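The values are calculated or read from the model by the stated rules, or taken from the named source; none is laboratory data. Bear in mind the structure is a predicted one, so any value in this text is a computation, not a measurement. Reconstructed Cβ throughout: ideal geometry from the backbone, glycine too, with neighbour counts over all protein chains shown.
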Amino acid sequence: MNQTASPFYGPRESAVIGQRRCNLVLIADERVNHAPDFHKIAEFMREIDPKIKTVVTSKKARDLFKVLPLVTHPTLGFSPVSLKKFYLPRGRVFAGQKLTKSQEYEYLEAAGFPVPKWKLIDEDEVPDLSDFSPYVVTKPDNGMRGANVKIKRKTRIRPKANSEKSEQDKAKPVTPEGRKTNVGYSVSNDSKMLAQEFVYTGLWPVSYRVTTLFGQVIHSFKTEASHERNELPGPDAFGKLPGDKGVSIVASGQGCKMTLNYDEEIIRLGEAVHAAFPDIPLLGVDIVREVPSGKLYILEVNANGYVWHFSSPMGLKFQSDFGFSLESQFNGLRKAAHILAEKAQEAAR
């Protein structure tokens, strides 16, 4: 169902577009195919706001010459992912940031958004989970792509002592979403763990991703676990299932089904969440709906920015596998150009 005609999904009216001459620098990461999309956005920008000069570059030193002439006008930079070393001769860069899940939850809770109850698992003592349900989710504080996400009885939560980790394990890096090792997605073995209230989403796990650019949705999809997995009849049914294969609580994985999402309640919540992260340009907000209450909870926001899936290797694969187009969902790249034009006019310095 194509709902791009709905005003809810299209670019919002802006009074600032076309007000002044300024520059927009789109900083591409070749590992996730930003450059082809950014060149399309630059083409749209010439139509949407001719007063904005758009330059596509990379963070590599050899490409920095492209931004040197921009010093004569106010400039804004945009990078979906985090940048270690990148400086504009003038202006400000908005880029992804590497936040742990606990940091994300702290920002979300401070802003009043619904997050399942959670606690960090201390290295030396068991957290007090007396007010949690019988089963809790454990996951790495800096984990990604559902790696090492497990369901446990809260009475079986144990601290992870530093003494158990080797120096080699501590040195293993985190692999951002969208980047794959030859053994799959990985997380640092030195990551702290956290315990989180389990949110039951039905017989099979279901989750929603709302990807927002400066607070406006640019694509959204739903992931439902394979129905060939064991069913979970209720939130406390673990351990009562036949056989010994257990149940995965992660919606993604082999045999899952992905579809475009147009649920306005979920999308509006995903867009609203961006207010808690005003300095981070791109978020991939993961949301679940509890069954049977229907209450929505935010699981994470993927502030690192590896969620620009119009043409990323991961995005191209799942769009091909499931037969849909993220770009055509909300006319995403053209909408992104509108959003970036407005932000450049507002924030270029």
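Let's see how each residue does on (1) touching a Pro at 6+ places or on another chain (Cβ under 6 Å); (2) charged (D, E, K, R):
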position	(1), (2)
Glu13	no, yes
Ile17	no, no
Ile27	no, no
His39	no, no
Asp49	no, yes
Thr75	no, no
Val81	no, no
Phe94	yes, no
Tyr107	no, no
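Ile280: within 27 Å of Pro114 (Cβ to Cβ), in contact (Cβ under 8 Å) with a residue 60 or more places away in the chain and either out of contact with any His (no Cβ under 9 Å at 6 or more places or on another chain) or among the aromatic types (Phe, Trp, Tyr) (or both), yes or no? The answer is no for Ile280. The residues of region 11-45 that are free of Cβ contacts under 8 Å to residues at least 24 places away in the same chain, outside any loop (DSSP other than H, G, I, E, B) and out of contact with any Leu (no Cβ under 8 Å at 6 or more places or on another chain), listed by number, are Ala35, His39, Glu43.
Answer with yes or no whether Ser252 is in the same structural domain as Glu224 (by TED's automatic domain parsing), in contact (Cβ under 8 Å) with a residue 12 or more places away in the chain and closer than 30 Å to Ser14 by Cα. No, not satisfied.
A quick yes/no check of all residues on (1) of a type in the set (Lys, Arg); (2) within 12 Å of the chain's Cα centre (by Cα); (3) over 22 Å from Leu99 (Cβ atoms):
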{"position": "Glu264", "(1), (2), (3)": "no, no, yes"}
{"position": "Leu269", "(1), (2), (3)": "no, no, no"}
{"position": "Val273", "(1), (2), (3)": "no, yes, no"}
{"position": "Gly284", "(1), (2), (3)": "no, yes, no"}
{"position": "Tyr306", "(1), (2), (3)": "no, yes, no"}
{"position": "Leu316", "(1), (2), (3)": "no, no, yes"}
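Contact annotation: no residue pair with Cβ atoms under 7 Å, 6 or more positions apart or on different chains, pairs a residue in region 191-215 that is within 30 Å of Leu340 (Cα to Cα) with a partner that is of a type in the set (Phe, Trp, Tyr) and surrounded by fewer than 20 Cβ atoms within 10 Å (Cβ to Cβ). The sole residue among Ala344, Ala336 that is over 30 Å from Asn142 (Cα atoms) and either at pLDDT below 95 or buried (at least 17 other Cβ atoms within 10 Å of the Cβ) (or both) is Ala344.
Of all the residues in region 198-220, those that are of a type outside the set (A, V, I, L, M) and under 12 Å from the mean Cα position of the chain (by Cα) number 6.
When Ser248 is tested against (1) farther than 22 Å from Thr138 by Cβ; (2) assigned to a loop (DSSP other than H, G, I, E, B), only condition (1) is not met.
With respect to being under 25 Å from Leu26 (Cβ atoms), without any contact (Cβ under 8 Å) to a residue 24 or more places away in the chain, surrounded by fewer than 16 Cβ atoms within 10 Å (Cβ to Cβ) and out of contact with any Leu (no Cβ under 6 Å at 6 or more places or on another chain), Pro292 falls outside the description. Scanning region 302-345 for residues that are β-branched (Val, Ile, Thr) and under 16 Å from Thr223 (Cβ atoms) yields one hit, Val307. Only one of the listed residues (Arg62, Arg92) is modelled with pLDDT under 95 and within 27 Å of Ala303 (Cα to Cα). That residue is Arg92. Within region 71-98, the set of residues being over 17 Å from His34 (Cβ atoms) and crowded, with 21+ Cβ neighbours inside 10 Å comprises Thr75, Gly91.
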